[in-house]
Amino acid sequence: MSELRTEPGAAPTPVLQLTGVVKQYRAGDEQVRVLDGLDFALCPGEFVTVTGPSGSGKSTLLHIAGGLDTPDEGTVAVAGTDIWSMSSGARAAFRRRNLGFVFQFFNLVPTLSAVENVSLPLVLDGMSARTADARALELLRRVGLGDRARHRPAELSGGQMQRVAVARALVAQPSIILADEPTGNLDSHSSTAVLDLLRALSDDDRTAVMLVTHDRTAASYASREVHIGDGQACGQGVPVAEAR
Ligand SMILES: Nc1ncnc2c1ncn2[C@@H]1O[C@H](COP(=O)(O)OP(=O)(O)OP(=O)(O)O)[C@@H](O)[C@H]1O
Ligand SMILES: [Mg+2]
């Protein structure tokens, strides 16, 4: 990944930059323009929440930003690299190394233990099982689950599963975490634990966090909020609250 440099007094270099992103879907005879020329930049260490009504395009935005869904127009650059100009194989490898995903329904592999779930991205990337296992264990300890490493997802609570998912998202030391309603299935205690964890990452490691959420308490964690308008496509001039 290209190095991110910030000259004194210069604007920080975004780690994620979306330019003129358009996404439309066909619904019967109708073409629905979900993203309409979206410009968005995320800088190292930022914690941005993305809010908006159901169906306004939040997940679409996150998927396109993370290389999981194709934009119809526009570019997505991660640390200066245009991810949509790569082959799909190169993009998958780039994604594993540079981006961490956390989803509402955890998306853990049910047949694998917690530590195997966390080490999977490293193993897929060619790391030896032993080294990947050690790194995964370290991450599980960091999220407070060192004593649950050999448990399968079905033997964990929702909050514990989500902390395993956060550990997996972090294992390759990505520069960006993309989280789509990660507290949507958690009680308030577990939600706070997951939000605290994400906030600590952005504070301590300068990991940039983009968090789609309906959770009102999440706003208090954000350094910036992006709101996708009511039933409108989000486009240029998306209102962005002042950074706190
Ligand atoms: N694969 C698809 N085919 C057709 N339409 C789609 C597809 N994916 C999403 N859409 C439409 O795009 C719009 C935005 O969907 P998206 O999932 O991004 O919304 P959202 O803001 O994440 O909503 P929620 O808060 O309910 O998760 C919706 O109107 C949805 O119906
Ligand atoms: Mg969604």
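Things to note:
- Cα coordinate range in segment 1-129, projected on the principal axes (Å, largest first): 48, 48, 29
- Ranked list, fewest to most other Cβ atoms within 10 Å of each Cβ, for 131, 183, 207, 192: 131, 192, 207, 183
- Sequence-ordered 3J(HN,Hα) estimates for segment 70-81 from the Karplus curve with 6.51, -1.76 and 1.60 and θ = phi - 60° stand at 8, x, 6, 9, x, 10, 10, 10, 10, 6, x, 9 Hz, glycine and proline given as x.
- Mean residue ellipticity (222 nm) of the chain, computed from DSSP H runs ≥ 4 via -39,500 (n - 2.57), nearest 500: -9500 deg cm²/dmol
- Anisotropy class of segment 96-181 from Cα gyration tensor, a/c 1.5 cut: oblate
- By average C-beta atoms within 10 angstrom, highest first, the peptides 157-165, 49-57: 157-165, 49-57
- Summary: within the chain, the longest segment free of GluC sites (Glu not before Pro) located in DSSP loops with at most 10 other C-beta atoms within 10 Å is 4-241.
- Between helix 114-124 and the chain: long-axis angle, C-alpha atoms, 0 to 90°, nearest 10: 60 degrees
- Under the Debye formula (equal points on every Cα, no solvent term), log10 I(q)/I(0) of the chain at q = 0.15 Å⁻¹: -1.07
Laboratory data are not the source of any read-out in this text; all were calculated from the coordinates shown. The structure presented is a predicted model; accordingly, all values stated were derived computationally and were not measured. With ideal geometry, Cβ positions are generated from the backbone for all residues, glycine too; neighbour counts draw on all protein chains shown.
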